[in-house]
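The values are calculated or read from the model by the stated rules, or taken from the named source; none is laboratory data. Just so we're clear, the structure is a prediction, and the values are computed from it rather than from any experiment. Cβ: placed from backbone, ideal geometry, glycine included. Neighbour counts: every protein chain shown. Just so you know, the surface numbers come from the protein's heavy atoms only, side chains and all, with ligands and any DNA or RNA stripped out. Shrake-Rupley method; radii C 1.70, N 1.55, O 1.52, S 1.80 Å.
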Amino acid sequence: MPMKVIKAKTAGFCFGVKRAVEKVYEQAGQENSRVYTYGPIIHNEEVVRDLEKRGVQVINSQDELKELTEGTVVIRSHGVPASIYELIQSRHLTLVDATCPFVRKIHRIVKREGENGREIVIIGNASHPEVEGIRGWCVSRVTVVGNTQEAENFVPESPKGVCVVSQTTFNYKKFNKLVEILSKKRYDILVLNTICNATEERQTEARQIAAQVDAMIVIGGRHSSNTQKLFEICKEECTNTYYIQTLEDLDVRSMQSMSCVGITAGASTPNNIIEEVQKECQK
């Protein structure tokens, strides 16, 4: 009997990532222009390598940015602090903003609420570029909370209250749990669930599929935050959950005795990689 394969409908590029990648390819296709991205455009090594072949270079720090005298700098989907915009403009470089619109919305929220006197709590991973970018738009006290211990330790200071936002790719269940802890701290907490709808849908669908299969394959870059969270969610429901970047990482022989396999992928995983894995499982 052939193996049954269930592929998540939400697997692959989300709106923000698709938009960012298309913007870079569009710039790379233009002649006589040096193109740079501030940080890898998305957390997928295959895409970044392909762009490098087309002449797109990755800038990893402000110091590298300061050395540029000409060219186009694309701000990636994760967004950057306000200071990076100012630096690009001061260097008279061409700026192409590919920040995900959902992330830009968070930038506007934290700036507005900070100007109103509220301190900001960002629920997310402190070292993730999206969270670093959000911090860079805060004009008042800001705290990043990523786990229950950090939520318990948080002591609000502003008399004007607290505004809580979230990294767009954060685990929805974990977000609610941390908000519950924070809400006990004081009454004037404004909670804005800024987890992207696509993230919520992807996580919900992944959990449902993982609960009904013999094995679950999660495809995505090793540095992709949303893929790591998908893996954690699937692992809770299905012990045989595999995290792979490409087909090369998959040991299909270990699945030969399984009758049903599920596949999902992070928001920065190209469709061609998902299709390759699906075809291999169906052989």
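Got a number for residues in region 144-180 being closer than 15 Å to Val110 by Cβ and surrounded by fewer than 22 Cβ atoms within 10 Å (Cβ to Cβ)?
Number satisfying all stated conditions: 4.
Within region 123-145, track down each residue that is in contact with a Ser or Thr (Cβ under 7 Å, 6 or more places away or on another chain) and within 22 Å of Arg76 (Cβ to Cβ).
Result: Ile123, Gly124, Asn125, His128, Glu130, Gly136.
Could you tell me which numbered condition Cys281 fails, if it satisfies all but one of (1) free of Cβ contacts under 8 Å to residues at least 40 places away in the same chain; (2) in a helix (DSSP H, G or I); (3) crowded, with 17+ Cβ neighbours inside 10 Å?
(1)
Exactly one condition in (1) of a type in the set (D, E, K, R); (2) within 28 Å of Ile195 (Cβ to Cβ); (3) more than 20 Å from the chain's Cα centre (by Cα) is not met by Arg54; state its number.
The number of the failed condition is (2).
Please note which strands (runs of 3 or more DSSP E) are completely contained in region 61-140 and include at least 2 residues that are within 15 Å of the chain's Cα centre (by Cα). Quick ask: steps written out before the conclusion?
Working: elements: 72-75, 94-97, 119-123.
It comes to 119-123.
Would you confirm whether or not region 27-47 contains a residue that is touching a Phe, Trp or Tyr at 6+ places or on another chain (Cβ under 8 Å), open to solvent by less than 30 Å² (accessible area, probe 1.4 Å), part of a loop (DSSP other than H, G, I, E, B) and over 24 Å from Val277 (Cα atoms)?
Of all residues in region 27-47, those touching a Phe, Trp or Tyr at 6+ places or on another chain (Cβ under 8 Å) come to none.
No, region 27-47 has no match at all.
Going through region 48-60 one residue at a time, which ones are open to solvent by less than 30 Å² (accessible area, probe 1.4 Å) and either among the acidic types (Asp, Glu) or assigned to a loop (DSSP other than H, G, I, E, B) (or both)? Step through it out loud before you land on a result.
Just the residues of region 48-60 that are open to solvent by less than 30 Å² (accessible area, probe 1.4 Å), to begin with: 48, 51, 56, 59.
Correct list: Val56 only.
Please go through region 249-266 and give me each residue that is open to solvent by less than 10 Å² (accessible area, probe 1.4 Å), hydrophobic (A, V, I, L, M, F, W, C) and in a loop (DSSP other than H, G, I, E, B), ordered by number. Steps first, please.
The first filter runs over region 249-266 and keeps only residues open to solvent by less than 10 Å² (accessible area, probe 1.4 Å), leaving 255, 261-266.
Adding the requirement that they be hydrophobic (A, V, I, L, M, F, W, C) leaves 255, 261, 263, 265.
None; the set is empty.
Six or more apart or on different chains, Cβ atoms under 9 Å: show the pairs whose first residue is in region 179-196 and within 18 Å of Ser158 (Cα to Cα) and whose second is of a type in the set (A, V, I, L, M) and open to solvent by 60 Å² or more (accessible area, probe 1.4 Å).
Lys185/Val155
Residues Glu201, Glu205: which one is acidic (Asp, Glu), surrounded by 17 or more Cβ atoms within 10 Å (Cβ to Cβ) and at negative phi?
Answer to the check: Glu205.
Condition check: in contact (Cβ under 8 Å) with a residue 24 or more places away in the chain, in contact with a strand residue (DSSP E or B) (Cβ under 6 Å, 6 or more places away or on another chain) and not polar (S, T, N, Q). Does Ile233 satisfy that? Write out each step before concluding.
Numbers: in contact (Cβ under 8 Å) with a residue 24 or more places away in the chain: yes; in contact with a strand residue (DSSP E or B) (Cβ under 6 Å, 6 or more places away or on another chain): no; not polar (S, T, N, Q): yes.
The answer is no for Ile233.
Take the residues in region 146-199 that are among the small types (Gly, Ala, Ser) and in a loop (DSSP other than H, G, I, E, B), then tell me which one is farthest from the chain's Cα centre (by Cα). I'd like the intermediate steps shown before the answer.
Taking region 146-199 and keeping what is among the small types (Gly, Ala, Ser), we get 146, 151, 158, 161, 166, 183, 198.
Imposing the further condition that a residue be in a loop (DSSP other than H, G, I, E, B) reduces the set to 146, 158, 161.
Numbers: Gly146: 15, Ser158: 30, Gly161: 28 Å.
My answer is Ser158.
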